[in-house]
Amino acid sequence: MARYTSRMTSVVFQDSGAGSTITVGPGPGDLSIGETNAANAEHIRLLDRGSFDGFVIGDDMEQDVSITIGVENQSLTTALEARIRDFILKTGSFSGATSMDPIIWAFQAVVTMTDGTTTATITLPKVQGSVSFSEAKEGHTFSFSGTNNGVMVVT
């Protein structure tokens, strides 16, 4: 049975109009998306004097999102070229990008897996987060860490 691998997967960050997009990479292919359930909401157990009495739906879930991105030999920020750090921080050439949220900078993340015949996608509708930097002999990296709010769209 064939399986999708990081070689068959791309991750794209995009603003609300999809006018500003960037493909996330290069990197080791270590995207991680936290858990969800059928209601995308917490299930709160109800008890009646210590005995299980059912569930109620609680707050919407939010999914943790993380990915490691290799730092290429180029400027880290510029008003003229697309840079991943600029997209995450809404600076440089992405300073005019349109947010998915009216209050904070949030964007969509679209994960596409394809083997050339079959394609599957996961769209995270409202991702917000931050980026950190790490030095290494094998190559420097940015680590994106954030959260998604809203129901993921899966195809």
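Considering each of Thr112, Thr9 in turn, give the residue that is of a type outside the set (Gly, Ala, Ser), closer than 19 Å to Gly150 by Cβ and touching a Ser or Thr at 6+ places or on another chain (Cβ under 8 Å).
On the way: Thr9 fails: closer than 19 Å to Gly150 by Cβ.
Of the residues listed, the single one that is of a type outside the set (Gly, Ala, Ser), closer than 19 Å to Gly150 by Cβ and touching a Ser or Thr at 6+ places or on another chain (Cβ under 8 Å) is Thr112.
Taking the range 113-130, which residues are crowded, with 16+ Cβ neighbours inside 10 Å and touching a residue at least 40 places away in the same chain (Cβ under 8 Å)?
Of all residues in the range 113-130, those crowded, with 16+ Cβ neighbours inside 10 Å come to 113, 122-129.
Passing the criteria: Met113, Ile122, Leu124, Val127, Gly129.
Suppose we keep only residues that are within 18 Å of the chain's Cα centre (by Cα) and farther than 13 Å from Thr36 by Cβ within the range 48-70. Which one would you say is surrounded by the most Cβ atoms within 10 Å (Cβ to Cβ)? Give the steps one after another, and end with the answer.
Step one: of the range 48-70, the residues within 18 Å of the chain's Cα centre (by Cα) are 60-70.
From the residues that got through so far, the ones that are farther than 13 Å from Thr36 by Cβ too are 66-70.
Working: Ser66: 15, Ile67: 24, Thr68: 18, Ile69: 21, Gly70: 15.
The residue in question is Ile67.
Only one residue in Ser145, Ser99, Ser93, Ser134 is without any contact (Cβ under 8 Å) to a residue 60 or more places away in the chain, touching a strand residue (DSSP E or B) at 6+ places or on another chain (Cβ under 8 Å) and not basic (Lys, Arg). Which one?
Answer to the check: Ser134.
Could you look through the range 11-26, keep only residues that are small (Gly, Ala, Ser) and surrounded by fewer than 16 Cβ atoms within 10 Å (Cβ to Cβ), and pick out the one that is modelled with the lowest pLDDT? Spell out the reasoning first.
Kept after step one, since they are small (Gly, Ala, Ser), are these residues of the range 11-26: 16-20, 25.
Now restrict to residues that are surrounded by fewer than 16 Cβ atoms within 10 Å (Cβ to Cβ): 17-19.
Numbers: Gly17: 78, Ala18: 69, Gly19: 85.
So, considering only residues that are small (Gly, Ala, Ser) and surrounded by fewer than 16 Cβ atoms within 10 Å (Cβ to Cβ), the one modelled with the lowest pLDDT is Ala18.
Kindly indicate which of Ala136, Ala120 is within 17 Å of Tyr4 (Cβ to Cβ) and not β-branched (Val, Ile, Thr). Don't jump to the end; show me each part of the working.
Numbers: Ala136 fails: within 17 Å of Tyr4 (Cβ to Cβ).
Every option except Ala120 fails the conditions.
The values are calculated or read from the model by the stated rules, or taken from the named source; none is laboratory data. Just so it is clear, the model here is predicted, and its values are computed rather than measured. For neighbour counting, all protein chains shown are included, and Cβ atoms are generated from backbone atoms with ideal geometry for every residue, glycine included.
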